[in-house]
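Structure first, then comments.
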Amino acid sequence: MTAPPLRRGTRLGSGTLSFTFDGRRYTGQVGDCAASALLANGVRLMGRSVKYRRRRGLLGAGPEEPNALFTVGTQAQLIPNVQATQLLLREGLTLRSQNRWPSLQVDLASLLQAGGGLFGAGFYYKTFMWPSWRSYEPLIRRLAGLGDAPLACDLPMPATEHLDCDVLVTGAGPAGLAAALAAARAGARIVLCESEPLCGGELEFERGRIDGQDSDSWLAAMLTELDRLGVRVLTSTTVVADNHGEFIAHAEPGGLPGSNTVYRIRARTMIAAAGALERPIIFANNDLPGVMLLGAAERYLARYGTAVGRDLVLFANHDRAYASAQRLLVGGMRVRAIVDARTDAHSAVGLSDGNALQSLKGSLATAGVEILSASAVTIAEGGRAVRAARIAPLASGGHERRISCDTILVSGGWSPALYADLHGSGAHAYAPELGSFVAAAQSDWHIHAGAANGRLDLAAAMSDGHAAGTRAAAAAGATGDSGSPPQARGDPPPRLAPFARSPCPLVGEKRQFIDLQNDVTVADLRIALAEGFSDIEHVKRYTTLGIGTDQGRSSAVVGAAILAELKGESPAIVGISRSRPPYQPVTMRSIAGFHHGDAVMITRRTPLHDWHAAHGGVLEPMGLWMRPRFYRASGANAADAAVAEARRVRAHGGIADSSTLGKLEIAGPEAAAFLDFMYLGKASTIRVGRSRYMVSLREDGMVLDDGLVLRLAEDRFLATTSSGHGTHMLSHFEHYQAARWSARGATVTDLTDAWAVIVAAGPQSRSTLAQLLGAAWQGPLAQLGHMDFTAGRYAGQDLRLLRASFSGELAFELHCRPAIAARLWEALNAAGLTPYGLDALDILRVEKGYLVSSELNGQTTPLDLGMEALVISSSACLGQALLDRPAFHEASRPRLVGLRAADGRAPFLAGAQLTIDAAPTRPCGYITSSVYSPTLGEWLGLALLARERAAEGATVMARDPLRGRNTPVRVVSPVHFDPTSARMKV
Amino acid sequence: MTRLACPFCGPRELREFEFHKTGPAAGGQGEFERVYLRVADPQLSIEHWQHVGGCRAWLLVHRNPSSGLPLAVELLAGNAP
Ligand SMILES: [Zn+2]
């Protein structure tokens, strides 16, 4: 390892910080990013590649970095895949490299692969096919992939902030600042997001003159003016996704604990001014630590005072390389050579500032820099890091050179940052003068400006930004004067000649790395083409070019150019692959925000919720509600408790909390007609004081829900819905009320929370109620017929008493005000009706063949469920017309049946598939519900079975391979117990 | 599209609304045609939304699916699905 290069301190502050990397302690400076701090400590090896485990160092200095991904933090505060270049150093930071085992220096998998050569594209798919990919997947996944996902998450809650503006400007470089300024001066409301800690973008390196000032003074004055104009400037904040006009921005890349904020920004217009990303030129072994982007070296020097190496070779295809070389020389590094892939004729002759370039070249030569035109770096030499560059002339006849160096700085041009467009449907076009792609169309709500729009020189970028800001402000209706465009003068245009890769013999293409993050080489692209994957999107998926957290930032444009070369087409035809949001890794914790743990969803509580929790009720979610499955006092385990509770209900009685039932009041002169339309069967024939079991259909004829409808008055009904469906049924009723009945007299009102419902079921229920409710209720109770209800007062509050049963026992629903629910419940409990939970209720209802969402599962028609009588009684209700479709009447349609074990003993479980012996692998039905019935002493089931197999007495096989059980079962009536319902009609 | 203008509540955040179905029918008189045969026009989608997080009104929304932008919002009143 070479000695640490010279160090001058960062632009962002002073003082030192201590941190660890792979367990070793290092010192950095305030303002360092993790990458610059490690570089200053002489660390060059920062990770291993995903597939080949090759040693990797830094390529870039910004969001383009594909290699240096770290896992930050420890234990439950672990964040994987954080780019070292985007991670601001903090005191005590714990960093770990990824993709290596047991250590970064010695990686076992890389040794294994060294023996077998490199895996090409499709290697995994082709090699691990027998017996199936799945059998190899766990092992391969352990060896591959980026950072490990943490097993626990104890990150503090990130802040979420909602912002609203006319114009969102992404990028506070020259163009973004000009755009924000123009739009703000015109009176538009602006949010300006800059992913770096400081505004200015390229002005950090390119010291131009703007409006007669040096760029630093101009920048300071402009930031003051933006502040005065009320522009919200968010630094260290990256816009990572465009959700159809809601932009997600993330502060603090990597989302370090306690410091990150997610902004949801609703903007009328987005001006994309996020600049351009420098791209490399591809040559053999270009993944060695020490091969870096030229612009990255400039940034490490200018911002962090860190030299990337001592002896440099520059490799580029444009004029900017010469000015860069000059700055690197001034920064104290030795530039051995500039390798220019262009011919002399292309670079300077006949240009107005050609003389300036010639004199720059002269002074570089004087300083000992060798200038090699029409040449290319073909191979990076070195084992652990770069030791030399091999250079060949591009025309035939010249001889090859070898120049010792520790760093090869490469620049193949700049690709406009199109990411937000590439996430969506934005069209793009090839710009040959850039060797890259630009946005093809500019709309008022999505404008690219500056380098992001292909304007690489300062003056053009700033006037482009100004125009974009003016346009966006006008589109937002701002009428002020946006001022005159800034007059800027910076570096001359780069005069780039597209050059994607150096010449290379076929065998060497396995080491020409296009996508460093995913180990995709030129050879892989050839394989993809040979195997017929020629579209850029197919090539992406077959070779993994541009997948992962990188999403092609460092590789998509180069990959498109090389694919074009291999296909003999123009890049304009090949195009560029789409990328996926987010633009940079964002933790799921950040996206979740406060929707975490108990706050993932709201919890609805019945008035008796606390009572259940305090009295051993084991609560489980049902929709947003929590309902007791059973009470601990009833038995040693869930099964025993449920059986005991069900037994008690049949023996003398029990109480259950059914407050979760949806309760909709339908009122108005046409309420009855409305319900006739909404339900199968006729609500209009229910007499006041009576209720009826009703079923509603979706418009395609499938059963949607069921419940009891009570007629409270001639023009007033109460419709109950199943517990999990309450909110949906409310919307469903409101929908059809609005669409078809709005001009007519029927209203829908949600009363779900206005009434608690306590069910008192069992032979003792009537006598217990009579005793408890007092003398006034005794007459009505005695006369109350099945499905009748009566209303009165209890403890000074309204109470409605409905005689209805979901258990098959004599039973009453007490609809009471929430204020007295607990008092009534405790009184019933004290009078000997003890609580039972959902599991007991399930036993009781399966014994009676009553249905829940297991049977009303969205795939069953009323005919499947044996409700022919209801269908006949109804006329023109919602969904009824489509019940006539022939397929609903075929012999293969399911039919609700009951099941018992053929031997009367064996258990069987819901989910098992039903088959006949002649076709043991082709199910003709499945079990929807199964319980052990304490009343009948055997297992009972409900099932949906093909009508042609559903004759009572038939035997089918219940196949349950996942639980290793096959049980012969007998088809019986779904009403297993008390088929005449004598018990509930007493 | 980040906001919808509810006729009662004014422009409101999209997450206050729920999307339920797309209309209208492509043509034909029968119920089957009404339920299943829907127009898929890249320039115009006619949709039903409910302002569930607000006034609960059902809305008829005309939207351009290509741009994602709403063209018109009115009450569903009487416009049969
Ligand atoms: Zn509203």
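Once the dipole of the stretch A:662-754 is set up with Lys and Arg at +1 and Asp and Glu at -1 on Cβ about the Cα centre, which of A:Ile666, A:Thr727, A:Ser742 lies farthest towards its positive end? Checked the options; the winner is A:Ile666.
Computed over the stretch A:282-411, the quotient of the alpha carbon radius of gyration and 2.2 N^0.38 Å is 1.01.
Can you quote the Å³ per residue value for the convex hull of the Cα atoms in the stretch A:890-985, rounded to an integer? Working shown, then result.
On the way: hull volume 9.6 nm³, N = 96.
Per-residue hull volume (Cα only) is 100 Å³.
Principal-axis analysis of the Cα atoms of chain A puts helix A:726-740 at an angle of about 90° to the longest axis.
Bridgeable aspartates and glutamates around A:Lys985 (alpha carbons under 17 Å apart, same-chain partners fewer than 8 residues away excluded): A:Asp788, A:Glu809, A:Glu813, A:Glu847.
Note that chain A, at 10 °C in a medium of 1.306 mPa s, gets a Stokes-Einstein diffusion coefficient of 47 µm²/s from its Kirkwood radius over C-alpha pairs. Taken along its three principal axes, the alpha carbon spread of the stretch A:359-485 comes to 63, 37, 31 Å, from the longest extent down to the shortest.
Taking 8 Å as the Cα distance limit and 6 or more residues as the minimum spacing, I'd like the relative contact order of chain A as a percentage.
9 percent
How shielded is B:29-37 by partner chains, expressed as the average number of their Cβ atoms within 10 Å of its Cβ atoms?
Numbers: counts 0, 2, 10, 5, 0, 3, 7, 3, 0.
What the average comes to for B:29-37 is 3.
Each peptide among A:200-211, A:651-662 gets the average number of other Cβ atoms lying within 10 Å of its residues, and from highest to lowest they stand as A:651-662, A:200-211. Peptide A:735-744 has a mean shielding of 5, counted as Cβ atoms of other protein chains within 10 Å of each residue's Cβ.
Please check: in the Gaussian network model of chain B (C-alpha springs, under 10 Å), which one of B:His51, B:His20, B:His62 has the largest mean-square fluctuation. Comparing B:His51, B:His20, B:His62 in a Gaussian network model of chain B, the most mobile one is B:His20.
Averaging the Cα positions of each part gives two centres, and for the stretch A:445-479 and the stretch A:566-580 these lie 27 Å apart. Between the C-alpha center of the stretch A:915-975 and that of the stretch A:777-843 there is a gap of 36 Å.
Rank-order A:216-227, A:433-444 by packing density, defined as the average count of other C-beta atoms within 10 Å over each peptide's residues, highest first. Display every interim value, and only then the final one.
Details: A:216-227: 16.0, A:433-444: 17.9.
So the order, starting with the most tightly packed, is A:433-444, A:216-227.
Reachable lysines from A:Lys51, Cα under 22 Å, same-chain residues fewer than 8 places away excluded? Partners found: A:Lys126, A:Lys510, A:Lys540.
The C-alpha atoms of chain A define a longest principal axis, and helix A:320-330 lies at about 70 degrees to it. Translational diffusion of the stretch A:662-754 was estimated from the Stokes-Einstein equation, with Rh taken as the Kirkwood radius over Cα pairs; at 10 °C and 1.306 mPa s the coefficient is 124 µm²/s. Shown here for the stretch A:674-772: GluC sites (Glu not before Pro) in loop regions (DSSP other than H, G, I, E, B) with at most 12 other Cβ atoms within 10 Å, namely A:Glu714.
Enclosing the Cα atoms of the stretch B:3-75 in their convex hull gives a volume equal to 85 cubic angstrom per residue. Defining a contact as two alpha carbons under 8 Å apart and six or more residues distant in sequence, what relative contact order in percent does the stretch A:282-411 show? In percent, rounded to a whole number, it is 34.
Where a number appears in this text, it was derived from the coordinates with a stated rule and is not lab data. None of these values were measured; they are calculated from a predicted model. Methodologically, a virtual Cβ is constructed for each residue, glycine included, from the backbone with ideal geometry; neighbour enumeration extends over all protein chains shown.
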